[in-house]
Amino acid sequence: MKILKYLTVILAAALAATGCYDDKGSYYTGSWTDIAAVEGMSIPGIGTNYYLNLVEEETLSLNPTVRFKPGVDESLFTYDWVMGGDTIASGLKLNWTVMRTNKMEFNQSGQTSFWLAINNKKSGENWRYYLQNDAGNLLKVTIAQVMAPKVGVFVYEKEDGSVEWGSVKGANAATPEAFTTLYTDIFAHYNAPSRMEGSVVGTAYDGSQLIVYTNQGPDHGAMVQTSEASTNPLGLSIGTVSNLVFDGVPEAGINGQSFYKGNMQEMLVGNSLFIGPTNNVYQMILSDAIPTQDGVVQIMGANPYANLMHFSVQRMTSGELWYYRYDSNRGYLRQILPDENGTVLKADRIIGVFRQPTFIDKQVKMFVAVKSGAAYQLHTYTYEQKTSGSDIITYIGKKDITSWAGGMSDDCTMFTNGIEVPLNYLYIAKGRDLWRTSYESQAAPQVVKSFPAPISAVEVVITSPNRIDVDTKELYTAVFTYDAGAKTSKMYVLDARTDDLKAYSEVETAIPGKVVCFRANQ
């Protein structure tokens, strides 16, 4: 067992404490035997401060000198730099690119200790030399994590079967032209060797925590901390979906999940649909939980996601389509989605669900695109949500859209602007192209922008995530493309209100995988 001896009060005066660094042994307080002094450990500008505030990706440099007592063989000594209990470098000279690791230990105020470990290879003795301020007080260290998402987070699937997340850093959400930096592989950075694995089936994000749901057990994904203001450090995996959401392994595969902030969250486990409020970023589903609705094979909500008067559509095992929503006062509300004959609409697949992006709450138009056999139809309705009784849903008509966008497909993405614009745009992301028409005229859509690689994810971002009113503004539309050859994604930030889809920015950073969703900080 190695012996650690702290510097005396005359030299560096540390606190008497016990502990270990990187599993190197146990220690006790004692006096120096071989060392006369340690010099050159001061950091300019500290003065009488009690804290050393570091920022990730900046460089911390120290080049101290250790003076030994006469006759001491200096070749017997090695040196390690230890931050928060984790050895960050070896050797006497330090040039460290600041980066918080998953081994570092911080207190609830986000502070930790930092020292130079001086090791005698022959005797096994170790000494700690702590940094101090000019008054001789021990310095505590904080690390600001630049990976904190200032704009939003994206989730992507990698070629090796793992799932990762990254963040977009910008001045603020209202300046999309400044979205220039992406941080990737954050889960591996802070949690290796743990991994998320499988295909992503949903996400939940509230700005502080992100849950990624996957189709692969036993973990079925993970919850990670995405903010610095918490006892859990940014990037840390708080636990698996199985443990946190299901308190065990789900009874069937997760076939769908959605989180509509301020409205509801839902999860489709097998054919059982569970719906709850968004008071917490996750809903607990215990082994004996009673499903909100059985016999469900597909769910899809209106897009953009967080508008006033949100609704979703569910497809049953029978092929029937039902309109439903969650009300904080009334709970789960459900009624048929009618066809042109007034009976329940049936389809083989839901292709798109969206609504008129307006702050009015009466006679709002909603649209449901479906596939029946080889044909695709777009059904138009109006609806009004009531505080009692059933919502009023009125069938307007349908349009055959089989030939739209060069021939419709099941994997297209349909969306409107986040707010109403003069031409009432409806977009279809399909392959490398963005197609556009008016959801009022429903004329044949035209290509308005093409990309070098197929589109894998789209998100419209507005200023008021839980409500649309006269002051709401559309900030930007994030588009991600995936190059299957290079196995990388790329981010584009557009103004989708303009005729030419003006590009706010084109982020050069390559994302090492296929982005499947983006969630903005709101």
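The values are calculated or read from the model by the stated rules, or taken from the named source; none is laboratory data. Quantities reported herein were computed from a predicted structural model and do not represent experimental measurements. Every residue, glycine among them, receives a Cβ derived from its backbone with ideal geometry; neighbour counts consider all protein chains shown. For accessibility, only protein heavy atoms count, side chains too; no ligands or nucleic acids. Shrake-Rupley method; radii C 1.70, N 1.55, O 1.52, S 1.80 Å.
At 7 Å along the Cα-to-beta-carbon direction for both D495 and R349, put a label point, then send me their distance in nm to one decimal.
Computed distance between label sites D495 and R349 equals 3.6 nm.
Starting from the residue with the highest accessible area, list I290, I350 in decreasing order, probe 1.4 Å.
On the way: I290 145, I350 0 Å².
Highest to lowest solvent-accessible surface, that is I290, I350.
Using a simple charge model, +1 on the beta-carbon of Lys and Arg, -1 on the beta-carbon of Asp and Glu, nothing else, what dipole does the chain show about its Cα centre, in debye to the nearest 20?
On the way: 42 positive and 53 negative charges, 40 e Å.
Its charge dipole is roughly 200 debye.
Of S113, S162, G136, which is farthest along the charge dipole of the stretch 105-176 in the positive direction, counting Lys and Arg as +1 and Asp and Glu as -1 at C-beta?
G136
Roughly how many Å² is the accessible area per residue of the chain, as a whole number, for a 1.4 Å probe?
Working: 21940 Å² over 522 residues.
Normalised by residue count, the accessible surface of the chain is 42 Å².
Computed on alpha carbon atoms, what radius of gyration and Dmax characterise the chain, expressed in Å?
When restricted to Cα atoms, the chain yields Rg and Dmax of 28.4, 101 Å.
Leaving ligands, DNA and RNA out of it, report the carbon-plus-sulfur percent of the accessible area of the stretch 40-191 at a 1.4 Å probe. The partial results should precede the final answer.
On the way: 2910 of 6490 Å².
Result for the stretch 40-191: 45 percent of the exposed heavy-atom area is carbon or sulfur.
Checking the cross-link filter: which lysines have an alpha carbon closer than 30 Å to that of K121, excluding same-chain neighbours under 8 positions apart?
Partners within reach: K2, K5, K24, K69, K93, K103, K140.
Using θ = phi - 60° and the Karplus curve 6.51 cos²θ - 1.76 cosθ + 1.60, what whole-Hz ³J(HN,Hα) does each residue of the stretch 129-144 get, with Gly and Pro shown as x?
10, 7, 5, 9, 8, 5, 8, x, 7, 5, 8, 8, 10, 10, 10, 7
Determine the share of the stretch 254-406's accessible area contributed by carbon and sulfur atoms, expressed in whole percent, with a 1.4 angstrom probe.
Values: 2830 of 6130 Å².
C and S atoms contribute 46 percent here.
Would you work out the relative contact order for the stretch 307-451, in percent, from Cα pairs under 8 angstrom that are 6 or more residues apart? It would help to have the intermediate numbers written out before the result.
Values: 295 pairs, mean separation 20.9, N = 145.
It comes to 14 percent, rounded to a whole number.
Check the straight Cα-Cα distances from K169 and name the lysines below 24 Å, setting aside those fewer than 8 residues away within the same chain.
Correct list for K169: K150, K158, K261, K473, K487, K490, K502, K514.
Work out the charge dipole of the chain with +1 on the Cβ of Lys and Arg and -1 on the Cβ of Asp and Glu about the Cα centre, then indicate which of G397, I238, Y332 is farthest towards its positive end.
Towards the positive end, the residue furthest out is I238.
In the stretch 449-522, carbon and sulfur make up what percent of the accessible area (probe 1.4 Å)?
Numbers: 1460 of 3080 Å².
Solvent-exposed carbon and sulfur of the stretch 449-522 make up 47 percent of the total.
Roughly how many nanometres apart are two label points built 7 Å out from the Cα toward the Cβ at D160 and S403?
According to this spin-label approximation, the distance is 4.9 nm.
Subtract the Cα-Cα distance of A174 and S450 from 0.36 nm times their separation in residues, and report this length gain in nm to one decimal.
Numbers: separation 276, 0.36 × 276 = 99.36 nm, distance 2.50 nm.
Roughly 96.9 nm would be gained on extension.
Sticking with the crude label model, points 7 Å out along Cα→Cβ, report the distance from T509 to I360 in nm, one decimal please.
Reported label-point gap for T509 and I360 is 4.2 nm.
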